[in-house]
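A short write-up of the structure that comes next.
The values are calculated or read from the model by the stated rules, or taken from the named source; none is laboratory data. Fair warning: this is a prediction, and the values are worked out from it, not measured in the lab. We place every Cβ from the backbone using ideal geometry, glycine too, and count neighbours over all the protein chains shown.
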Amino acid sequence: MLKITPTRLPEVLVVEPQVFGDERGFFMESWNQRAFDEAVGQEIRFVQDNHSRSGQGVLRGLHYQLTRPQGKLVGVTAGRVFDVAVDMRRSSPRLGQWVGTELSAENHRQLWIPPGFAHGFLVLSESADFVYKATDYYVPADEKTLAWNDPNVGIEWPLNGRPSLSPKDGAASCWEDCPLVDR
């Protein structure tokens, strides 16, 4: 059984599996295709799983794909992150709006980010293992990056100082220069 909570961007959903725990630990069903499809109201096909590990203060993103946009179901298996989605869909009434939530190994939450949204996260713990399923294959030439600190988007990152960025993320485009997803 999944608990689904819409965010202020109603297509972006917080997904919470049922967790059974006691003094020995916990059990949860980490993936069930039928339950997920029923919860989000459509059939979703994932084609790729990814796993990254990052240290505290690392900020990855905000990444999106222009012509082959990926939907992503993201979560954390160790540590804590602040996870963000930004609506990049040209036809959306919420174009340019963002939503953020904490995902952790303790809260077991996942975030469903549909195709057409930029995605990024900031590691809050000493390190974090970040896992996600994607609805399309990664095509490097199709990836775009929105600047994490663009004032037009105004994401309120829970930062203490400047984040650690990759060279690609450090050279990301500002909102005015980002191409939009035709959806």
When (1) surrounded by fewer than 12 Cβ atoms within 10 Å (Cβ to Cβ); (2) at pLDDT 90 or above are applied to Ser30, the one that fails is (2)
If we ask which residues in region 33-43 are surrounded by fewer than 17 Cβ atoms within 10 Å (Cβ to Cβ) and either among the β-branched types (Val, Ile, Thr) or in a loop (DSSP other than H, G, I, E, B) (or both), their number turns out to be 3
Considering only strands (runs of 3 or more DSSP E) wholly within region 55-165, the ones with at least 3 residues that are charged (D, E, K, R) are 80-87
Taking region 166-183 and keeping residues under 21 Å from Val99 (Cβ atoms), aliphatic (A, V, I, L, M) and not in a strand (DSSP E or B) leaves Ala172, Leu180
Counting only residues in region 145-161 that are loosely packed, with under 14 Cβ neighbours inside 10 Å and among the polar types (S, T, N, Q), the one nearest to Phe82 (Cα to Cα) is identified as Asn160
The condition from (1) at positive phi; (2) surrounded by fewer than 21 Cβ atoms within 10 Å (Cβ to Cβ) that Gly79 misses is numbered (2)
